[in-house]
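Step one of this worksheet: look at the structure below.
Read-outs: derived from the displayed coordinates by stated rules, not from any lab. In this text, all values refer to a predicted model and were calculated from it rather than measured experimentally. All Cβ positions, glycine included, derive from the backbone under ideal geometry; neighbour counts span all protein chains shown.
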Amino acid sequence: MKIASFSLLLVSLLLPGLAFGSDGVAMEKHRVLNQKQESIITIAAFTANGDMPRLKTALNEGLDAGLTVNEIKEILVQMYAYAGFPRSLNGLGAFMAVLDERQTKGIKDVTGKDASPIPADLNRDEYGAKVRAQLGGLDKVPQPARWQEFSPVIDRFLKEHLFADIFVRDVLTFQERELATIAALASMPGLEGPLSFHLGAAMNTGLTQEQMKAFVSVIKARVGSKEADSASKFLRDLLANRTAK
């Protein structure tokens, strides 16, 4: 289910997809994360860490799982905000190659919806500030932190571009964007602060404790134990803090 971002309401938890066996019984109802969500994790992770061979595999798996071409493009574009333009552009190049290969094989992939038009009068600074606050679990925009006062320009870029220009695009839900974000951050070293914030933000979009633990399991199985161990540590701290509150 896709929900437009303009109301500033965070999206609700997505219903898991269902696959059926020969006996007609649903095969995926036991899954903590559905196949699309798992593909978002791997696509974001391998784009961020630059592992092109495994990214191509993840891109094929994502398309086979039901992600549309535009949804995957949106993931790859968003990655530039966290991993930089070179990794994002490399990912888009890999995706074009995958689509060419699939077309040669006669596979017709679903293009999917385009982003809805953005209102001309959208206050990007205000919108971005509210989105960031909601992702942080806050009811209202807080007073500026020290880093915001130290560098107002980076704060403005975060609000107006990342949390407005990017997050306002409704090709992906906030939950899907946060799932991609934590996958990218967990796959790159030295990003403990942003990873901690976005693990919490992912839960604030509706991901459950079980789904977050499943996220770590996907990282461990598909990306690496070192990356999973780091994510697991910060997730444990996050869950302990939430329990304490």
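Picking from Ser232, Ser39, Ser116, which is most flexible by a Gaussian network model of the chain using Cα springs under 10 Å?
Maximum among the listed residues: Ser116.
Starting from 0.36 nm per residue, how many nanometres of slack lie between Val141 and Glu126 once their C-alpha separation is accounted for?
Answer, rounded to one decimal: 4.5 nm.
How long are the semi-axes of the ellipsoid equivalent to region 108-245, from square roots of 5 times the Cα gyration tensor eigenvalues, in whole Å, largest first?
Semi-axes from the Cα gyration tensor: 26, 21, 14 Å.
With n ≥ 4 as the cut-off for DSSP H runs, can you work out [θ] at 222 nm for the chain, using -39500 (n - 2.57) per run divided by the number of residues, rounded to the nearest 500?
-18000 deg cm²/dmol
Can you give the relative contact order of the chain as a percent, counting alpha carbon pairs under 8 Å and 6+ residues apart?
26 percent
I'd like to compare 90-99, 177-186: which one has the highest average count of other Cβ atoms within 10 Å, and what's the full order after that?
Output ranking for 90-99, 177-186: 177-186, 90-99.
Mind giving me the nanometre distance, one decimal, between the label points for Thr208 and Ser225, set 7 Å out from Cα along Cα→Cβ?
3.0 nm
Over the chain, what per residue volume does the convex hull of the Cα atoms give, in whole Å³?
Spelled out: Cα convex hull of the chain, divided by residues, is 142 Å³.
Return the FRET efficiency for the residue pair Met96, Glu192: r is the Cβ-Cβ distance, R0 is 45 Å, and the value is rounded to the nearest 0.05.
With R0 = 45 Å, the Cβ-Cβ based efficiency is 0.85.
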